[in-house]
Amino acid sequence: ASARIAVTGLAVMGSNLARNLARHGYRVAVHNRSHARTKALISEHGHEGDFVPAETLEELVGSLQTPRQIIIMVKAGGPTDAVIDELVPLLEPGDMVIDGGNAHYADTRRREAALKEVGLLFVGAGISGGEEGALNGPSIMPGGPKESYEHLGPVLEDIAAKVDGVPCCVHVGPDGAGHFVKMVHNGIEYADMQLIAEAYDLLHRVGGMTPADVAEVFRGWNSGDLESYLVEITAEVLGHVDAETGAALVDVIADEAEQKGTGRWTVQEALELGVPVTGIAEAVFARSLSGRAGQRQAVREAFGPAEVAGGADESLVEDVRQALYASKVVAYAQGFDQMRAASAEYGWDLDLGAMATIWRGGCIIRARFLDRIREAYDKAPELPSLLVDDYFRDAVRSAEAAWRRVVVKAVTAGVPAPGFVSALAYYDGLRSERLPASLIQGLRDFFGAHTYRRTDREGSFHTLWSGDRSQVDA
Ligand code: NDP
């Protein structure tokens, strides 16, 4: 019999996805540019299910039922285009090409449009959860033409993570919507990790707690509102002792954070859309700052190291928990805003509640919290900000005093907390009755005659700054 679905690209993600499909009873055709990987997969895991190995793409295509479904799991960028170019002449109208790599959504839009021209369905599917998720159930964010989901959806839902029996997979929207949403997911992941790291740093450097103490704190937090995969593994990492030195591993790891680029993409796209995603931006910049070793050393030498003023009181742990929660609400609110803005820009009609639903399991930011976000958008799909949902409004209100104390403490102590600080500034910015943007408009009008609007009547105005300073209609 022919295979139901195919996977090409059998590095860690592709092989695990193929195994996941096989374990769910699908006959899976498998292929990799260098055949050795295909052979390794069959010899190590062939017994797990029904695999059909192929040495060439022709063979792979020939082994499939029609309409064909081929998942590409190769390095994102040029390699994905190379595989698509090789595949297209082998396929027939109605066949489906699914890119499960971390593609930029603009590439996905371009590829979708090109394949549509030749009658093929192209699905850019964001897949989150790393290698573990790919094997045991990832969160899957497929975009592409709606009709692709009829055939493909049931298979993807089958292999996706489940929460309360609901699969973490839904048709996200047309063309690049799936990869866009995956990108924002990663951006939120950056922000979440930055906030967690700041919480640790404050408890450690201001509170004087050891990594093992903080591990215990995080373990406790994981049974409350903050329950999430990232909080859970923070306790694991902080509690881990380096076998060589006997020190906490976190004290041995070089403090220069790396990045593969999806956080940067999120911020670049947010700038294009004009959406303030300050939490994600601070997280990306904090990683960049950490990596500037030479500059860090020069500034440390010029000024001396920051003198951290300690002095924790009993309430620090609880204050930091509240600050973390409130800042996290802000980071998610910003990410969801960005998805809403992109949805309007590209006509995707994204269901934000459904996005929260499919992030509840399988992916790196899976958390109890996402149930609340889903409820918020289910209740009010047009919610102007997550912050104004009743539940989050009450949570942020009750955290506010603690949040301010933590920010004051961080600033006074000299411990950088850009995530906490900027989240609070965002909140205060949105809440302010009047912002100094009025002054900015005045300055713009002064040097560039850019005009301004007034609060008391319609129209655009300009002040004759270099003349008699009277106001004219612009
Ligand atoms: P890699 O990103 O390391 O890519 C290696 C695979 O790409 C190999 O199968 C390799 O084939 C193939 N490849 C590279 N260049 C070409 C080419 N020009 N033509 C054909 N095949 C090529 O593998 P991963 O498994 O880590 O990731 C796969 C995709 O999934 C990537 O897009 C990644 O961004 C994404 N992803 C990864 C996650 C992770 O946790 N690793 C999580 C979510 C998504 P060969 O063996 O012949 O060299």
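Observations, loosely collected:
- Hits in the stretch 46-80 - residues which are surrounded by fewer than 15 Cβ atoms within 10 Å (Cβ to Cβ), more than 34 Å from the chain's Cα centre (by Cα) and within 16 Å of the ligand (Cβ to nearest atom): E55, T56, E58, E59
- For D85, the conditions (1) more than 16 Å from the ligand (Cβ to nearest atom); (2) of a type outside the set (G, A, S); (3) free of Cβ contacts under 8 Å to residues at least 60 places away in the same chain all hold with the exception of (1).
- For the stretch 135-151, the set of residues classified as of a type in the set (V, I, T) and away from the ligand (no atom under 12 Å from the Cβ) is empty.
- Extreme residue, nearest to the ligand (Cβ to nearest atom), among residues of the stretch 244-276 that are over 21 Å from Q295 (Cα atoms), modelled with pLDDT of 95 or more and of a type in the set (G, A, S): G263
- Among the residues of the stretch 386-434, the ones that are part of a loop (DSSP other than H, G, I, E, B), small (G, A, S) and in contact with a Leu (Cβ under 7 Å, 6 or more places away or on another chain) come to 1 in all.
- Members of the stretch 322-367 that are assigned to a loop (DSSP other than H, G, I, E, B) and within 19 Å of L230 (Cβ to Cβ): W359, R360, G361, G362, C363, I364, I365, R366
- Filtering the stretch 123-134 to residues that are more than 8 Å from the ligand (Cβ to nearest atom) and surrounded by fewer than 20 Cβ atoms within 10 Å (Cβ to Cβ) leaves only E132.
- Within the stretch 21-36, the set of residues being outside any loop (DSSP other than H, G, I, E, B), within 13 Å of the ligand (Cβ to nearest atom) and in contact with a strand residue (DSSP E or B) (Cβ under 9 Å, 6 or more places away or on another chain) comprises V30, H31, H35.
- Residue pairs meeting the criteria (Cβ under 7 Å; at least 6 apart or on separate chains; first over 24 Å from T66 (Cβ atoms), in the stretch 104-132; second among the aromatic types (F, W, Y)): H104/W265; Y105/F180
- Residue in the stretch 141-163 that is polar (S, T, N, Q) and without any contact (Cβ under 8 Å) to a residue 60 or more places away in the chain present: yes
The values are calculated or read from the model by the stated rules, or taken from the named source; none is laboratory data. The shown structure was predicted, so the numbers you read here are calculated from the model rather than taken from an experiment. Counting neighbours? That spans all protein chains shown, and the Cβs are built from the backbone with ideal geometry, glycine included.
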